[in-house]
Amino acid sequence: MSTDKWFVMGVDLGSTTAKAAVVDQDGALCGTDVVQMGAVSREAVARAIEGASVAAGVPREVIRRTVSTGYGRRLVPGADRTFTEITCHARGAAALRPGVRLVIDIGGQDSKAIIVDDDGLVERFAMNDRCASGTGRFFDVLARALEVDIDAVGDLALAGAHGLEVSSMCATFAETEVISLLAQGQDKADIAASVHRAVAARTLGLVGQVGRATPAVMTGGVAKNPAAIRYVAQALRHPIEVLDQPQIAGAYGAGLLARDEYRGARKVLSARDAATETNMASRSSGGGRHCASCDGVLDGNHAHAGGPVMLELRRNE
């Protein structure tokens, strides 16, 4: 290894997975790792960091800077600073698919639609973080109700044909509804397909907050679900391009930001990310009791307060 070559790391600690990416001084992706976990876990993030370092063949002591992102970004040990997952997914997706304009990130606990500019920076975004509907957790609930492996849910949905009415998008109530459909003798594939269509319709509403744009990609673990890709594309009426490694977009973006910062760049981006985080914090800190089952705000009718929130970020040249 050349003595003048240096590396940085991006770490994305989500609600269900820990991801890490080693990036070199030229911005190339050198090594990654994804560790599945039941909840936010320091052990899982340590394993992901070690796995990415081994994959890249880079000792931890030569990593010059680490940026963390994601649901548990403030829990990543050794991180020099944090960026929001919105900023990082935009940056990573733009590097994985140059020219991208729309990024749909369906994570374990929330969903986001992000418009990206020519430089891979966020122009505006909308997010739904008050309820697990249409997220990775929602698909976990579906798999459990259907008694199939989560990795098989997408293929099962693609085999479905008959459209069924799925009225509830609450993770708790949807499980009850799926069980009811099974009791009626409905086919598992038809149920899975109908739930995927309902999720796609909800995603379309989120995208409508920021505006449709192409090229479009999906990031996060749900992007590995072929039925989710197909039905979201059908709802948008334009293709969703499939990234080679959709789960590491956030970690890769964090690594690229670590590289840029180490080189003394991206001061404007820091201010824009701060505005994003302020908006996210105000969205997440609203009053009201929270439903432990579906992460929504609970009222007397179990209705979820609010909808997607949209923020437009204007560039300061």
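Okay, here's what the table says:
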item: Residue in region 235-246 that is in a loop (DSSP other than H, G, I, E, B), buried (at least 18 other Cβ atoms within 10 Å of the Cβ) and modelled with pLDDT of 95 or more present; result: yes
item: Failed item, numbered, when residue 227 is tested on (1) touching a Leu at 6+ places or on another chain (Cβ under 6 Å); (2) open to solvent by 10 Å² or more (accessible area, probe 1.4 Å); (3) not hydroxyl-bearing (Ser, Thr, Tyr); result: (2)
item: Failed item, numbered, when residue 163 is tested on (1) small (Gly, Ala, Ser); (2) under 18 Å from residue 230 (Cα atoms); (3) not in a loop (DSSP other than H, G, I, E, B); result: (3)
item: Given (1) among the aliphatic types (A, V, I, L, M); (2) assigned to a helix (DSSP H, G or I); (3) within 15 Å of residue 213 (Cβ to Cβ), index of the condition residue 126 fails; result: (2)
item: Which numbered condition residue 161 fails, given (1) open to solvent by 50 Å² or more (accessible area, probe 1.4 Å); (2) touching a Leu at 6+ places or on another chain (Cβ under 8 Å); (3) modelled with pLDDT under 95; (4) of a type in the set (A, V, I, L, M, F, W, C); result: (2)
item: Residue check, residue 144 in a helix (DSSP H, G or I), of a type outside the set (A, V, I, L, M, F, W, C), over 14 Å from residue 220 (Cβ atoms) and open to solvent by less than 40 Å² (accessible area, probe 1.4 Å); result: no
item: Test: residue 105 is in contact with a strand residue (DSSP E or B) (Cβ under 9 Å, 6 or more places away or on another chain), within 20 Å of residue 247 (Cβ to Cβ) and acidic (Asp, Glu); result: yes
item: Total residues in region 208-217, condition more than 30 Å from residue 81 (Cβ to Cβ) and either open to solvent by less than 20 Å² (accessible area, probe 1.4 Å) or in a helix (DSSP H, G or I) (or both); result: 1
item: Only listed residue being under 21 Å from residue 16 (Cα atoms), crowded, with 18+ Cβ neighbours inside 10 Å and at pLDDT below 95, chosen from 250, 220, 255; result: 220
item: Test result for residue 172, hydroxyl-bearing (Ser, Thr, Tyr), at pLDDT below 85, over 24 Å from residue 36 (Cα atoms) and not in a loop (DSSP other than H, G, I, E, B); result: no
item: Of residues in region 173-194 being over 28 Å from the mean Cα position of the chain (by Cα) and not small (Gly, Ala, Ser), the one nearest to residue 147 (Cα to Cα); result: 182
item: Qualifying strands (runs of 3 or more DSSP E) (wholly inside region 8-85; at least 3 residues being open to solvent by 20 Å² or more (accessible area, probe 1.4 Å)); result: 29-36, 63-69
item: Among (1) outside any strand (DSSP E or B); (2) modelled with pLDDT of 95 or more; (3) buried (at least 24 other Cβ atoms within 10 Å of the Cβ) - the single one residue 98 does not satisfy; result: (3)
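The values are calculated or read from the model by the stated rules, or taken from the named source; none is laboratory data. Source: prediction; values computed, not measured. Neighbour counts run over all protein chains shown; Cβ positions are idealised from the backbone, glycine included. Heads up: the accessible areas ignore ligands, DNA and RNA and are worked out on the full protein's heavy atoms, side chains in. Shrake-Rupley method; radii C 1.70, N 1.55, O 1.52, S 1.80 Å.
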